[in-house]
């Protein structure tokens, strides 16, 4: 699985003629939280691959949707079968560019914005995602919180359980990148 994610991510960035230093992670974490008066639902995915090309500011993220883990296994089953249809749409992808000028050679914390395409449930939407990037001794940590509207990705919730699932899902991510070394 990790090799598939690496190939996908590198191919997303390989279309650029110039390569800077590539930074990658195979241990990124993406979580989400749905809060309603009836029920809270949370999931955590630790099988997230991401890569940054520091000369072009290109960024790509890929995650296996069925890798989200839930405190309740029934929620996990419903997430994969009824809402995300993970068998039909197995991967979530963000491909874009960090629009801020970052000096990747200097340690520090920077406010960053990435603009690009987010594909979930087979639907691609243009997104602008804000976050914080910390650079420390050849290591880049990226943290972000943003919202995803279910309707934007044609994720349907049956009326019977609509009160249990929020229309807008809070997403959090934390990825730590290290210099990519081709094996």
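The values are calculated or read from the model by the stated rules, or taken from the named source; none is laboratory data. Remember, predicted model here, so these are calculated numbers, not experimental data. With ideal geometry, Cβ positions are generated from the backbone for all residues, glycine too; neighbour counts draw on all protein chains shown.
Take the conditions assigned to a helix (DSSP H, G or I) and either at pLDDT 95 or above or loosely packed, with under 14 Cβ neighbours inside 10 Å (or both) and apply them to residue 77. Does it pass?
Values: assigned to a helix (DSSP H, G or I): yes; either at pLDDT 95 or above or loosely packed, with under 14 Cβ neighbours inside 10 Å (or both): yes.
Considered against the rule, which asks whether it is assigned to a helix (DSSP H, G or I) and either at pLDDT 95 or above or loosely packed, with under 14 Cβ neighbours inside 10 Å (or both), residue 77 comes out as yes.
Residues are listed down the side, and each one gets a yes or a no for (1) surrounded by 13 or more Cβ atoms within 10 Å (Cβ to Cβ); (2) closer than 18 Å to residue 30 by Cα; (3) over 12 Å from the mean Cα position of the chain (by Cα):
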position	(1), (2), (3)
61	yes, yes, no
64	yes, yes, no
82	yes, no, yes
86	yes, yes, yes
92	yes, yes, no
111	no, no, yes
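Which numbered condition in (1) within 22 Å of residue 178 (Cβ to Cβ); (2) surrounded by fewer than 17 Cβ atoms within 10 Å (Cβ to Cβ); (3) in contact (Cβ under 8 Å) with a residue 40 or more places away in the chain is the only one that residue 39 fails? Exception for residue 39: condition (1).
Against the definition (farther than 25 Å from residue 113 by Cβ, assigned to a helix (DSSP H, G or I), modelled with pLDDT of 75 or more and more than 12 Å from the chain's Cα centre (by Cα)), how does residue 42 come out, yes or no? Step through it out loud before you land on a result.
On the way: farther than 25 Å from residue 113 by Cβ: yes; assigned to a helix (DSSP H, G or I): no; modelled with pLDDT of 75 or more: yes; more than 12 Å from the chain's Cα centre (by Cα): yes.
Against the criterion (farther than 25 Å from residue 113 by Cβ, assigned to a helix (DSSP H, G or I), modelled with pLDDT of 75 or more and more than 12 Å from the chain's Cα centre (by Cα)), residue 42 does not qualify.
Test residue 115 against the stated conditions and say whether it is part of a loop (DSSP other than H, G, I, E, B), loosely packed, with under 15 Cβ neighbours inside 10 Å, under 19 Å from the mean Cα position of the chain (by Cα) and at pLDDT 95 or above.
No; evaluated as a whole, the condition is false for this residue.
Residues that are in contact with a helix residue (DSSP H, G or I) (Cβ under 6 Å, 6 or more places away or on another chain), more than 20 Å from residue 32 (Cβ to Cβ) and free of Cβ contacts under 8 Å to residues at least 40 places away in the same chain within the stretch 54-104 are absent altogether. Restricted to the stretch 127-156, and to residues there that are outside any strand (DSSP E or B) and crowded, with 18+ Cβ neighbours inside 10 Å, the residue that is modelled with the highest pLDDT is 153.
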